[in-house]
Amino acid sequence: MIDKLRRKFISVALISVSIVIVIIMVVLNLSNYRSTVSKADKTLSLLIDNDGTFPVPPKEMDGPGTGAPERKDFSPESPFESRYFSVHLDDDGKVIDVNTDSIAAVTEEQAAKYALSAAEKDKKSGFIGNYRYECSGSLIVFLDATRDLESFRSFLGTSITVAAAGLLCVFFLVLFFSKLAMKPIALSMAKQKRFITDASHEIRTPLTIIDANTEVIEMTTGENEWTRSTRAQIARLTELTKSLVSLSRMDEGTASFKPAEFSISDAASDTAQQFEAPALIGSKEFDKEIEPGLRFCGDEKKIRQLLFLLLDNALKYSPPDGWIRFSLKSNGRKVTIEVSNSVTSISKGSHDQVFDRFMRMDSSRNSAIPGYGLGLSIAQSIVELHKGRITAFSPDDKSFCIQATIQSL
């Protein structure tokens with residue numbers, strides 16, 4: 001139980017941290033990418049405004065009013081830092097002029113191909129390879145954004161590596177501190193389990209004495225309704241203590257578990273046979289479908305107890321003149337057990353809360369249906385011992401089904 005709780009705690013912590021890290025990475029890299037694109041678009045806009053070239057910066061020595069007007073977004077170093085080329089197209093989309101003076105890596109033929117590809121995309125701006133382009137009428141200007149894109153990709157790769165390393169560190173830290181965090185809970189649960197076991201053993205002694213005293217009274221005065229009532233309550237308390245001890249031992253991992261190969265088909269047939277007569281007396285239809293010849297490696301005694309608990313639950317909670325269906329089928333190394341029964345009324349959907357201890361359906365909260373709500377909890381523990389899974393659900397509002405899948409060990 002503690003190990004399962006610890007695994008859930010670690011999973012929740014890692015998922016939460018992962019979500020936060022992913023959000024931070026997406027925001028940072030998206031912001032970096034937009035900054036890269038924005039920088040390229042500003043340069044392209046400047047080139048578009050000057051017919052595919054940079055404006056001539058004003059020089060103080062030439063006197064006022066000479067050169068192009070000064071722009072705040074234009075650095076005098078931009079013409080030397082940027083590699084670009086421009087292409088003019090005519091109205092028919094044919095190349096009429098190519099300017100590759102500011103780039104050495106692209107020939108005029110390549111520039112023409114880039115321009116025609118950009119024209120076919122019918123977009124004002126975009127990327128072709130590492131070149132950012134912008135269209136303005138017949139003019140298409142390309143800017144080499146290789147350095148900025150490499151910087152973006154380098155930052156993206158670094159951020160992914162750092163995030164993975166950080167997540168790995170978080171995993172080891174959570175793994176270490178989760179053990180410390182769970183220690184008080186583990187101690188508390190261990191004390192609770194020991195108390196249940198010790199209290200159950202202590203209860204058995206007075207029950208034995210009461211049972212013996214009742215037997216003496218019956219020998220001297222004869223059996224009457226009071227002694228019968230006492231014996232009935234003794235039987236109920238004895239059964240309750242047995243269930244509590246069984247659950248506590250399985251939780252502590254001290255319950256006897258002796259896996260061996262046996263015929264689970266025979267075990268299912270023998271257990272089902274015990275319920276045929278009670279079902280007949282209650283005018284309940286009992287259908288069974290057991291795949292013959294199935295061999296299973298597990299604790300035969302506990303598997304028989306599991307089958308008994310599931311069928312007993314179905315028999316108890318099916319109404320008079322209702323029905324019970326029991327099936328056992330192979331699924332590779334696994335075996336699927338399904339027990340369903342009719343009910344008077346139930347909400348459609350999952351009902352896994354029935355496996356909680358002392359949990360009983362609303363319709364069973366009366367003295368007519370005996371029990372303490374521990375049977376299905378024990379069934380769940382047996383399934384988990386066999387590395388399986390058990391679920392309860394209602395496919396409609398008139399039936400209830402429990403499905404258990406157990407694995408051959």
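A few points about this structure:
- Options PHE275, PHE326; residue that is within 19 Å of GLN380 (Cα to Cα) and of a type outside the set (S, T, N, Q): PHE326
- Condition check for LEU244: touching a Phe, Trp or Tyr at 6+ places or on another chain (Cβ under 7 Å) and farther than 30 Å from SER330 by Cβ: no
- Filter result for ASP148 (touching a Phe, Trp or Tyr at 6+ places or on another chain (Cβ under 7 Å) and acidic (Asp, Glu)): no
- Against the criterion of being at pLDDT 90 or above and in a strand (DSSP E or B), PHE275 does not qualify.
- Every residue from segment 181-213 that is surrounded by 11 or more Cβ atoms within 10 Å (Cβ to Cβ), closer than 30 Å to ALA13 by Cα and either modelled with pLDDT of 85 or more or not small (Gly, Ala, Ser) (or both): MET182, LYS183, ILE185, LEU187, MET189, GLN192, LYS193
- Among (1) within 33 Å of the chain's Cα centre (by Cα); (2) surrounded by fewer than 15 Cβ atoms within 10 Å (Cβ to Cβ) - the single one ASP321 does not satisfy: (1)
So that you can scan it fast, the table gives a plain yes or no per residue for (1) of a type in the set (Gly, Ala, Ser); (2) modelled with pLDDT under 85; (3) more than 20 Å from ILE140 (Cα to Cα); (4) over 54 Å from the mean Cα position of the chain (by Cα):
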{"site": "ASN50", "(1), (2), (3), (4)": "no, no, no, yes"}
{"site": "THR66", "(1), (2), (3), (4)": "no, yes, yes, yes"}
{"site": "PRO69", "(1), (2), (3), (4)": "no, yes, yes, yes"}
{"site": "ASP73", "(1), (2), (3), (4)": "no, yes, yes, no"}
{"site": "PRO79", "(1), (2), (3), (4)": "no, yes, no, yes"}
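- Residue among SER283, SER265 that alone is under 19 Å from GLN407 (Cβ atoms) and either of a type in the set (Phe, Trp, Tyr) or not in a strand (DSSP E or B) (or both): SER265
- Of the residues in segment 214-223, at least one is assigned to a helix (DSSP H, G or I), among the β-branched types (Val, Ile, Thr) and surrounded by 16 or more Cβ atoms within 10 Å (Cβ to Cβ).
- The number of residues in segment 104-138 being under 15 Å from THR53 (Cα atoms) and crowded, with 18+ Cβ neighbours inside 10 Å comes to 3.
- Residue list for segment 326-353, filter: over 19 Å from ASN313 (Cα atoms) and surrounded by fewer than 16 Cβ atoms within 10 Å (Cβ to Cβ): LYS329, ASN331, GLY332, ARG333
- Set LEU89, LEU156, LEU139: member being under 21 Å from ALA40 (Cα atoms) and more than 52 Å from the chain's Cα centre (by Cα): LEU139
- Among the conditions (1) under 28 Å from the mean Cα position of the chain (by Cα); (2) surrounded by fewer than 15 Cβ atoms within 10 Å (Cβ to Cβ), the only one that ARG34 does not satisfy is (1).
- Any pair with Cβ under 7 angstrom, 6 or more apart, that starts in segment 315-339 at a residue that is without any contact (Cβ under 8 Å) to a residue 40 or more places away in the chain and ends at one that is part of a loop (DSSP other than H, G, I, E, B) and of a type in the set (Gly, Ala, Ser): PRO320/GLY282; PRO320/SER283; ASP321/SER283
The values are calculated or read from the model by the stated rules, or taken from the named source; none is laboratory data. What you see is a predicted model; the values in this text were computed from it and never measured. As a convention, Cβ positions derive from the backbone with ideal geometry for all residues, glycine included, and neighbour counts pool all protein chains shown.
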